[in-house]
Amino acid sequence: MGEPISARQFHDEEGTAGWHVLYGGAQTVFPTSSFAIGVEFIRRIALVTDAVGREPDIDLRPEAVVVRTASTPRGRLDTADVELVRRVSSIAAELGLAPDPSQLHTIQIAVAEAAGVSTRDFWVAALGYQSLDGLLIDPLRRGPRMWFDEIAAPGRGRTHIDVALPHGRAEARVAAALEAGGRLADSSHAPDWWTLASPDNHGVDIAAWGDIDSRA
């Protein structure tokens with residue numbers, strides 16, 4: 001296991017271009033021309049993981065391969081993740097693949113709870129999730145993470161969706177949502193995150209802070 005690092009430190013390391021630190025760790029999307037190319041990419045990645053001591057989460061699709069690396073299920077990074085990212089990027093270059101952060105985002109659900117009320121056990125049972133350091137996670141990291149937000153007044157519209165994006169792409173996503181009929185509910189934390197509301201008042205946070213977080 002390597003030394004813990006922050007998102008900002010990750011980006012300062014050589015060989016991490018095209019990767020971003022969103023919910024769950026450092027990740028990127030590699031578009032592929034065929035399913036077979038994706039399979040070969042993953043085969044080559046598997047050959048280097050023992051030497052690094054880190055095995056990434058990989059999502060194979062006919063049109064792309066998504067790679068995510070983190071030292072813990074919560075998404076904390078260390079120097080071993082940097083080394084794996086370098087090796088994965090090198091393998092991608094050998095195959096003529098390049099990361100495309102424009103296709104990259106992760107989703108988290110923020111469940112609002114009234115003071116003194118806990119619904120965590122309900123969601124664990126209903127979704128088959130696990131509780132981890134205040135978060136609920138899919139054991140295989142397929143579905144969105146969940147976290148819990150205590151609020152003063154119960155009512156409709158409390159629970160919202162968090163969408164984590166590369167820091168440089170968040171403002172464009174906000175603009176697109178507003179163009180599509182959304183409303184800017186709170187911009188006081190920009191450019192770290194923006195709170196939007198749909199035409200029917202569904203809440204969405206567009207989050208860019210994690211990609212430049214200075215905390216390890």
| query | Going out from 0 in 10 Å bins, what whole percent of all Cα-Cα distances in the stretch 117-216 drops into each bin? | reply | 14, 37, 36, 13
| Å² of accessible area per residue within the chain, as computed with a 1.4 Å probe and no ligands counted | 53
| query | What's the carbon and sulfur percent of the chain's accessible surface, probe 1.4 angstrom, rounded to a whole number? | reply | 53
| query | Which semi-axis lengths, in whole Å and largest first, follow from the square roots of five times the eigenvalues of the Cα gyration tensor of the chain? | reply | 31, 20, 17
| Mean residue ellipticity at 222 nm from the helices of the chain, using -39,500 (n - 2.57) per DSSP H segment of n ≥ 4 over the full residue count, to the nearest 500 deg cm²/dmol? | -8500 deg cm²/dmol
| request: Run the quick spin-label model on L95 and E40: label points 7 Å from Cα toward the beta carbon, then report their separation in nm to one decimal. | output: 0.9
| field | Peptides ranked, highest mean first, by Cβ atoms within 10 Å: ranges 65-75, 105-115, 33-43 | value | 65-75, 105-115, 33-43
| remark: Output for the stretch 91-184: trypsin sites (Lys or Arg not before Pro) sitting in coil per DSSP, at most 14 other Cβ within 10 Å, listed by number, reads R142, R156
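The values are calculated or read from the model by the stated rules, or taken from the named source; none is laboratory data. Keep in mind that this is a model prediction, so the values were computed, not measured. All Cβ positions, even for glycine, are placed from backbone atoms using ideal geometry, and neighbour counts span all protein chains on display. Remember, those area values only see protein heavy atoms, side chains included, never the ligands or the DNA or RNA. Shrake-Rupley method; radii C 1.70, N 1.55, O 1.52, S 1.80 Å.
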